[in-house]
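One structure is given here, and the rest of the page talks about it.
The values are calculated or read from the model by the stated rules, or taken from the named source; none is laboratory data. Keep in mind the model is a prediction, meaning the values are calculated, not measured. Note that each Cβ is placed from the backbone with ideal geometry, even for glycine, and that neighbours are counted across all protein chains shown.
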Amino acid sequence: MFDFEKLKVYQKANSLNISILKYLHRSTVIDLYLKDQLKRATLSIVLNLAEGTGRVSKAEKKRFYTIARSSVFECVAILSVLKDCRIMEKELFEEYYSCYEEISKMLLALYRNTK
């Protein structure tokens, strides 16, 4: 098992990705551009987390964790648009929002504790 796979934040983000990707696959009303952006942003979280974990220097690790956290913000912004346009149900938005909020906090803690 790789080091990043042991991280709870990676496991949570990866689990959320599965849910988001399935939601996007089922949806026929979401604009293709927004679908693509959300796919890219949500995958960017786990990809940058994995890449950062593999880096040796503290500065490089922090850089990738920051990018992963920025991708969380991008996902939330896209979800907000979907909710505000009444494409995504409020309850589902709140579920995803809560997950992304927790992931954001976990990434910030990982950033702060990087040695």
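Structure data summary
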quantity: Filtered residue count, segment 89-108, keeping only those that are of a type outside the set (Asp, Glu) and in contact (Cβ under 8 Å) with a residue 40 or more places away in the chain; calculated: 7
quantity: Residue that is nearest to Tyr65 (Cα to Cα), among those in segment 6-26 that are free of Cβ contacts under 8 Å to residues at least 24 places away in the same chain and either under 15 Å from the mean Cα position of the chain (by Cα) or surrounded by 13 or more Cβ atoms within 10 Å (Cβ to Cβ) (or both); calculated: Gln11
quantity: Counted residues, segment 52-70 - those being out of contact with any Gly (no Cβ under 8 Å at 6 or more places or on another chain), surrounded by 17 or more Cβ atoms within 10 Å (Cβ to Cβ) and not β-branched (Val, Ile, Thr); calculated: 2
quantity: Among residues of segment 50-70, those that are hydrophobic (A, V, I, L, M, F, W, C) and in contact with a helix residue (DSSP H, G or I) (Cβ under 7 Å, 6 or more places away or on another chain), counted; calculated: 4
quantity: Residue satisfying all of: in segment 76-115; among the polar types (S, T, N, Q) and at pLDDT 95 or above; nearest to the chain's Cα centre (by Cα) among these; calculated: Ser104
quantity: Residue within segment 29-52 that is among the aromatic types (Phe, Trp, Tyr) and over 16 Å from Ile87 (Cα atoms) present; calculated: no
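Conditions (1) in contact with a helix residue (DSSP H, G or I) (Cβ under 7 Å, 6 or more places away or on another chain); (2) surrounded by 18 or more Cβ atoms within 10 Å (Cβ to Cβ); (3) among the β-branched types (Val, Ile, Thr), marked per residue:
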position: Val72; (1), (2), (3): yes, yes, yes
position: Ile87; (1), (2), (3): no, no, yes
position: Glu91; (1), (2), (3): no, no, no
position: Glu94; (1), (2), (3): no, no, no
position: Ser98; (1), (2), (3): no, no, no
position: Ile103; (1), (2), (3): yes, yes, yes
position: Met106; (1), (2), (3): yes, yes, no
position: Leu110; (1), (2), (3): yes, yes, no
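For (1) of a type in the set (D, E, K, R); (2) under 18 Å from Phe93 (Cα atoms), each residue gets a yes or a no:
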{"residue": "Lys6", "(1), (2)": "yes, no"}
{"residue": "Tyr10", "(1), (2)": "no, no"}
{"residue": "Asn14", "(1), (2)": "no, yes"}
{"residue": "Ile20", "(1), (2)": "no, yes"}
{"residue": "Tyr23", "(1), (2)": "no, yes"}
{"residue": "Val29", "(1), (2)": "no, yes"}
{"residue": "Leu34", "(1), (2)": "no, yes"}
{"residue": "Leu38", "(1), (2)": "no, yes"}
{"residue": "Ala41", "(1), (2)": "no, yes"}
